[in-house]
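Enquirer: I am attaching a structure below and will ask some questions about it afterwards.
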Amino acid sequence: MKNIFLIIISLFLFTACEKEIDLDLDDKSGNIVIEGNLTDQAGPYYVKITKSVAFTTNNTYPIVSNAVVVLSDDTGQTETLNHVGEGFYETTNFTTAPGRTYTLKVSAEGKDYTAKSTMPQPVLLDNLQQDSFMVAGELSYTLLPVFTDPAELGNRYLFSFSVNNSGKMFEAFSDNVNNGAVNQRPLLLPNDDEDGNGQKTKVGDTIYVEMQCIDTNVYTYFTSLLQIIDGGGPGGGITPSNPPSNISNGALGYFSAHTVSKKSYVIQ
């Protein structure tokens, strides 16, 4: 599981009270993979374009360096991104703000791809609170992100976190339970050598947490991705795998406009 997880994730686990999602696990090696992220922080922003590979091959993903990548928003702003190497396309003057809807258009290898994402209003990560419990006679840890969900139903969150900046993990939360209240759901920290890039959380470790407010389509993508990971991977499919993308024309990956709030905590 750990290897599949590290292959798939380039950024950022729990699907209770969500409907079951049917996953398309057909072999789509050679497909365009697009990963685009806009945040409420200062740019530049990046879109990465590669191609998927067969699950049985090595983890080298061919880059796409000659695509035309255009970002725009509902205020009339538009910019064509420059390729800066390794499949990354970079903005120069593009600006962002919560509430705006962004459109990504990519032309690559004779095909056109389009995605939209609306940046939610920000929710502040106020604090992180540690808890612990015993498993098989050993102490394990959780970390509670303290934030207050807005009264309106429909907020979605993605938590990207790591132990000592190694082995990024993530969990996705919705407000279907606990709407409009202070969060009560903890992050499960690595508790054995098979989690968190071979690390077990211990006293003195620093946990870095990034909370993203994401839109519904991006939430669906990541909860589906986590469903694949929890199932041990596609078992002969391709990597990255193919949860339901918000990008058109059969592209793999996602396009996310989200807000960011960060904190760190030293385990005691």
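The values are calculated or read from the model by the stated rules, or taken from the named source; none is laboratory data. Since this is a predicted model, take the numbers as computed values, not measurements. All Cβ positions, glycine included, derive from the backbone under ideal geometry; neighbour counts span all protein chains shown. The accessibility values were calculated without ligands, DNA or RNA, using every heavy atom of the protein model including side chains. Shrake-Rupley method; radii C 1.70, N 1.55, O 1.52, S 1.80 Å.
Enquirer: For segment 150-161, name all the residues that are crowded, with 19+ Cβ neighbours inside 10 Å and assigned to a loop (DSSP other than H, G, I, E, B).
Expert: 155 - this is the single residue of segment 150-161 that is crowded, with 19+ Cβ neighbours inside 10 Å and assigned to a loop (DSSP other than H, G, I, E, B).
Enquirer: Let me ask you something else. So which residues in segment 165-187 are at pLDDT 95 or above, more than 17 Å from residue 151 (Cβ to Cβ) and surrounded by fewer than 19 Cβ atoms within 10 Å (Cβ to Cβ), if there are any at all?
Expert: 185, 186
Enquirer: Ok, one more. Any residue in segment 10-32 that is at pLDDT 80 or above, of a type in the set (Gly, Ala, Ser) and open to solvent by less than 60 Å² (accessible area, probe 1.4 Å)?
Expert: no
Enquirer: Hey, another quick one. What number of residues in segment 77-99 are open to solvent by 60 Å² or more (accessible area, probe 1.4 Å) and either under 16 Å from residue 37 (Cβ atoms) or among the small types (Gly, Ala, Ser) (or both)?
Expert: Adding up the residues that qualify gives 4.
Enquirer: Quick one: which of 117, 140, 132 is in contact with a strand residue (DSSP E or B) (Cβ under 8 Å, 6 or more places away or on another chain), open to solvent by less than 50 Å² (accessible area, probe 1.4 Å) and at pLDDT below 95?
Expert: 140
Enquirer: Which numbered condition trips up residue 191, out of (1) open to solvent by 70 Å² or more (accessible area, probe 1.4 Å); (2) assigned to a loop (DSSP other than H, G, I, E, B); (3) in contact with a strand residue (DSSP E or B) (Cβ under 9 Å, 6 or more places away or on another chain)?
Expert: (1)
Enquirer: Please specify each residue of segment 100-114 satisfying the condition of being surrounded by 14 or more Cβ atoms within 10 Å (Cβ to Cβ) and assigned to a loop (DSSP other than H, G, I, E, B).
Expert: Across segment 100-114, the qualifying residue is only 100.
Enquirer: Would you check which residues across segment 109-151 are of a type in the set (Val, Ile, Thr) and under 18 Å from residue 181 (Cβ atoms) and list them?
Expert: 123, 146, 148
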